Amino acid sequence: MYKNLFYSIVGLSIVFGLFSSCEDKPKNGRTDTFSSGEISFASDESFSPIIEEEIQVFEASHPKAKVTPIYTNEIDAVNLLLSDSLYLAITARDYTKEELDNLKSRGFQPRSLPLAYDGLALICNNQNTDSCISVTNVKRILSGEATKWSDVVPGSKRGEIWVCFDNKQSSTVHYCVDSILGGKPINSPNIFAAKTSKEVIEYVEKTPNAIGIIGSNWLNDKRDTTNVTFKKNITVMSVSKLENATEMNSWKPYQAWLLNGRYPFVRTIYALVNDPRNGLPWGFANFITQPKGQMVVFKTGLLPVRGDISIRDVNVHDYGF
């Protein structure tokens, strides 16, 4: 009798366990948690250097987690999120009202997390000595009003200005249209798009009369821990808010000038999360906003959104030694 009772109890336990496992497993097959499992997420390609650094530190801190980036343009990244193909997208913009309404109408609770501030950098060939430019002239170049170097630098014999973007649907293009041109389209026969930020740098490196427009996180020289040295194979242009750009009133996208507002072209990097499970997509995005993740932001040359950052002026005296 006891033997039969024992087998009955074991049998019920096994059946109960089977039903429990079926109920616990989500319909979409996901098994990831806040700090474990495997997921893919989308990111604008222009942020790939900082994203790679964040993944390395995150996975070292969470050995049971594997996050795989899909580098694409900003439009496709958001579309993947809206179609429920992925649950995290790294972009240079927040949700639009229409996107939020769409997701909420389907029962989702989308969230956006600001991660970092990135300077939109203008780069030119090392042979180009005209590396200071005004915001006004940047607008004239993008609108097609200025197509030659002599249009922005009187007397220049450098010829046509060729402008190269990373991708025609990237966040870089989106920023130029919305924030620099005020919603007007880029309109110049001398402006074109490559496929990646790396290709922009390579084009500018070999083209003396070119300007490249990329995210500043591509420029940091990793050998310099102070984050004040840019790549040596190209020149980072200084930008002025004044009409006449000079070395004294123009600024490069260093962290300090992003912080105090001297550099004019600054954009916010966001994590757009739409994860009903509150699993690994949310865990990785949240990690970037925490001290370890923000330290990675700082070390890659961008400006963290969190942290007590102060700038001190230092007077250097020459005593003739």
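Carbon and sulfur together cover what percent of the accessible area of the range 119-224 at a 1.4 Å probe radius?
On the way: 2320 of 4670 Å².
Ligands and nucleic acids excluded, carbon and sulfur give 50 percent.
Please give the per residue accessible area of the range 47-118, computed with a probe of 1.4 Å over protein heavy atoms only, in Å². Show your work: numbers first, answer last.
Values: 3500 Å² over 72 residues.
The answer is 49 Å² per residue.
Highest mean first, how do 276-284, 34-42, 52-60 rank when packing is the count of other Cβ atoms within 10 Å averaged over residues? Spell out each step's value before the answer.
Details: 276-284: 21.6, 34-42: 18.7, 52-60: 16.6.
Put in order of decreasing packing, that is 276-284, 34-42, 52-60.
Within the set of other residues whose C-beta is less than 13 Å from the C-beta of residue 143, count the net charge using Lys and Arg as +1 and Asp and Glu as -1. Walk me through the numbers before you get to the answer.
Numbers: positive: 139, 140, 184; negative: 145, 151.
It works out to a net charge of +1.
Given the C-alpha atoms of the range 156-213, compute the convex hull and give its volume per residue in Å³. If you can, show how the numbers build up before the last one.
On the way: hull volume 4.7 nm³, N = 58.
Looking at the range 156-213, the number lands at 81 Å³ per residue.
Hey, quick one: spin label on residue 102, modelled 7 Å out along Cα-Cβ, who in the range 61-81 has an amide N within reach, i.e. under 18 Å?
Hits in the range 61-81 for residue 102 at 18 Å: 72-81.
Within the range 241-280, find all residues whose amide N lies under 17 Å from a label point positioned 7 Å from the Cα of residue 111 along Cα-to-beta-carbon.
270-280
Under the 0.36 nm per residue contour assumption, what length would be gained going from the current alpha-carbon distance of residue 94 and residue 59 to full extension?
Here the answer is 10.0 nm.
Under a 1.4 Å probe, what is the accessible area of the range 167-294 per residue, stated in Å²? Please list the in-between numbers first.
On the way: 5890 Å² over 128 residues.
Each residue of the range 167-294 exposes 46 Å² on average to a 1.4 Å probe.
Would you please give the FRET efficiency between residue 256 and residue 299, computed as 1/(1 + (r/R0)^6) with r the Cβ-Cβ distance and R0 = 22 Å, to the nearest 0.05? Numbers along the way, then the final one.
Details: r = 15 Å, r/R0 = 0.69.
The calculated FRET efficiency here is 0.90.
How far, in nm, would the chain grow between residue 156 and residue 68 when pulled straight, counting 0.36 nm per residue and subtracting the alpha carbon separation?
27.0 nm
Along Cα→Cβ, 7 Å out, is where each label goes; now give me the distance between the ones at residue 292 and residue 205 in nm to one decimal.
The modelled label-to-label distance comes out at 3.3 nm.
Counting just the Cα atoms, what span does the range 174-293 cover along each of its three principal axes? Round to the nearest Å and put the largest first.
51, 36, 30
Once you sort the root eigenvalues of the Cα gyration tensor of the range 51-192 as a ≥ b ≥ c, which label holds: rounded (a/c under 1.5), prolate (a/b larger than b/c) or oblate (the other case)?
Numbers: a/c = 3.16, a/b = 1.85, b/c = 1.71.
Here the range 51-192 falls in the prolate category.
Compute the signed sum of charges (Lys and Arg +1, Asp and Glu -1) over the other residues within less than 11 Å, Cβ to Cβ, of residue 296. Write out the running numbers ahead of the final one.
On the way: positive: 292, 299; negative: 52, 53, 54.
Local charge sum for residue 296: -1.
The values are calculated or read from the model by the stated rules, or taken from the named source; none is laboratory data. Since we're looking at a predicted model, the values are computed, not measured. We place every Cβ from the backbone using ideal geometry, glycine too, and count neighbours over all the protein chains shown. Just so you know, the surface numbers come from the protein's heavy atoms only, side chains and all, with ligands and any DNA or RNA stripped out. Shrake-Rupley method; radii C 1.70, N 1.55, O 1.52, S 1.80 Å.
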